[in-house]
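The values are calculated or read from the model by the stated rules, or taken from the named source; none is laboratory data. Being a predicted model, the structure only gives us computed values, none of them experimental. SASA here: full protein model, heavy atoms, side chains in, ligands and nucleic acids out. Shrake-Rupley method; radii C 1.70, N 1.55, O 1.52, S 1.80 Å.
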Amino acid sequence: GNVTVPPDVFNIGDVVVVHNTSGTANSLLRGAGVTFFWLNGVDGTRTLGPRCVCSLICVGANQFAVTGLGVS
């Protein structure tokens with residue numbers, strides 16, 4: 001299913017790896033006040049493709065860089 005990153009849980013430098021084990025795409029959702037940086041610093045909810053893996057790297061208070069195969 002979908003994964004929600006909650007606020008005020010992770011510290012700068014923490015890395016969370018997410019593996020979508022399902023055969024369908026799922027959403028990476030942001031809890032209140034959480035920011036996801038992606039290409040060119042664009043913020044927003046991300047989609048993780050079927051059977052794909054991504055990393056969420058905490059780069060600031062409630063701020064994450066999102067990278068990985070199958071992320072859109």
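On the full set of protein chains, 1.4 Å probe, figure out the accessible area of VAL15 and give it in Å² to the nearest 10.
90
Amide H to amide H, which residues 5 or more places from THR47 or on other chains are under 5 Å from it, using H placed in the peptide plane?
LEU28, SER72
Can you tell me the length gained on complete extension of the stretch ASN40 to HIS19, counting 0.36 nm per residue apart and subtracting the Cα distance?
Additional length available on full extension: 5.2 nm.
Considering the values (1) 33, 24, 20; (2) 50, 22, 14; (3) 29, 29, 15, which represents Cα extents along the principal axes in Å as calculated for the structure under consideration?
Matching the structure shown: (1).
If you plug each phi of region 42-52 into the Karplus form 6.51 cos²θ - 1.76 cosθ + 1.60 with θ = phi - 60°, what whole-Hz ³J(HN,Hα) values come out, in order, with x for Gly and Pro?
Per residue, the Karplus-derived 3J(HN,Hα) values read 6, 9, x, 4, 10, 10, 10, x, x, 6, 9 Hz.
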